[in-house]
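The values are calculated or read from the model by the stated rules, or taken from the named source; none is laboratory data. Keep in mind that what you see is a predicted model, and the values were worked out from it rather than measured. With ideal geometry, Cβ positions are generated from the backbone for all residues, glycine too; neighbour counts draw on all protein chains shown. Just so you know, the surface numbers come from the protein's heavy atoms only, side chains and all, with ligands and any DNA or RNA stripped out. Shrake-Rupley method; radii C 1.70, N 1.55, O 1.52, S 1.80 Å.
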Amino acid sequence: MSSDETASERPLLDVHDLEIRFPVTVGEGWLTRHRQEVRAVDGVSFSVRRGETLGLVGESGCGKSTTGRGVLQLLRPARGEVMFDGLPLHDLWVRRGRSWAWGPELRALRRRMQMIFQDPFASLNPRMTVEAILAEPLRNFGLADGSDRRARIQSLLETVGLDPRMIRRYPHEFSGGQRQRIGIARALALGPDLIVADEPISALDVSIQAQILNLLQQLRRDLGLTMLFIAHDLAAVRLVSDRIAVMYLGRIVELADAVTIVAAARHPYTQALISAVPAPDPVAEQTRQRIVLEGEVPSPLNPPAGCPFHTRCPLREERCRHEVPVLREVARGHTVACHVA
């Protein structure tokens, strides 16, 4: 097998046993304060093929966005491997004094990996025009200059459905949906291979959400993008994703293609998420059965022993309290971390 064939067959992104921790200080007063670590991402593994969109879904605080930032090395993993096109990103950090920083190889790879941020109001510099915002990545990597740079910026605006004549406007002169389109244009400016979309529609009105989803689908078809799409809205994730990974308390509990997740979910948590998606048919909406989970999501500072979901699971057994379930294949391409699935 040639090296080109090997490169085309391997996943563009391969994440294995990713773990990300945050130090926290608990207690009140200097006598009782002590430091602990929160495992925001606890042993996450998945892969994304070239041209594929993997959806990452779960409740707020489950570790979705932290996983995305760990994939792009915006956060340094405490443990695990992140392979991008065969390159070990986790090994490309360098030690500088008491802290870690990106090495030159990792900085060069920024061009091939970009992110669409959640909040279009906070992710754009209010002191910079649209032209300056989109010119910055081009200038950093020396891709275009002068009239070529401006032409490229105008082309980017047209690609995301904005008028190129808006090039000299500031972010406050745009609506929320238009600002998110600018954020998408910035992510596309360097022609990346991988885009991590971190809840790109959660801060937008419902009508605007549909427009942004349609834009992302069109860009994926036209540009052949590989995407990690992060959201808590299962209906939106189902619309744009080839496969869906469901996260709970820092771990993936189910992973399968989008059709299988919706039609034949095996994990009780996934089933509860699907039951909460409103049905477009009023008759079906009235007759559908909701699965209402009892209790609250456990604190990541003090996660429960055994299965992290057992405190809310309606199907829990005695071993769920003591034995941590591992992801196992229950059907071709369908993995579940549940003792009773």
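I'm trying to understand the selection: among the residues of segment 70-87, which are free of Cβ contacts under 8 Å to residues at least 40 places away in the same chain and closer than 18 Å to Ile230 by Cβ?
Selection gives Gln73 alone.
Kindly provide the set of residues from segment 293-307 that are open to solvent by less than 90 Å² (accessible area, probe 1.4 Å) and either more than 12 Å from His339 (Cα to Cα) or among the charged types (D, E, K, R) (or both), ordered by number.
Leu293, Gly295, Val297, Pro298, Ser299, Pro300, Leu301, Pro303, Pro304, Ala305
Given the residues Arg179, Arg165, which is the only one that is basic (Lys, Arg), over 16 Å from the mean Cα position of the chain (by Cα) and open to solvent by 40 Å² or more (accessible area, probe 1.4 Å)?
Exactly one residue qualifies, and that residue is Arg165.
Among the strands (runs of 3 or more DSSP E) contained in segment 18-132, which hold 1 or more residues that are farther than 29 Å from Pro303 by Cα and open to solvent by less than 60 Å² (accessible area, probe 1.4 Å)?
In segment 18-132, the matching strands (runs of 3 or more DSSP E) lie at 53-57, 79-84, 93-96, 99-102, 113-116.
Restricting to segment 126-157, and then to whatever is polar (S, T, N, Q) and more than 25 Å from Phe229 (Cβ to Cβ), can you tell me which residue is modelled with the lowest pLDDT?
Residue satisfying both the conditions and the ranking: Ser147.
How about segment 182-203: which of its residues are open to solvent by less than 10 Å² (accessible area, probe 1.4 Å) and either in a helix (DSSP H, G or I) or charged (D, E, K, R) (or both)?
Passing the criteria: Ile182, Gly183, Ile184, Ala185, Ala187, Asp198.
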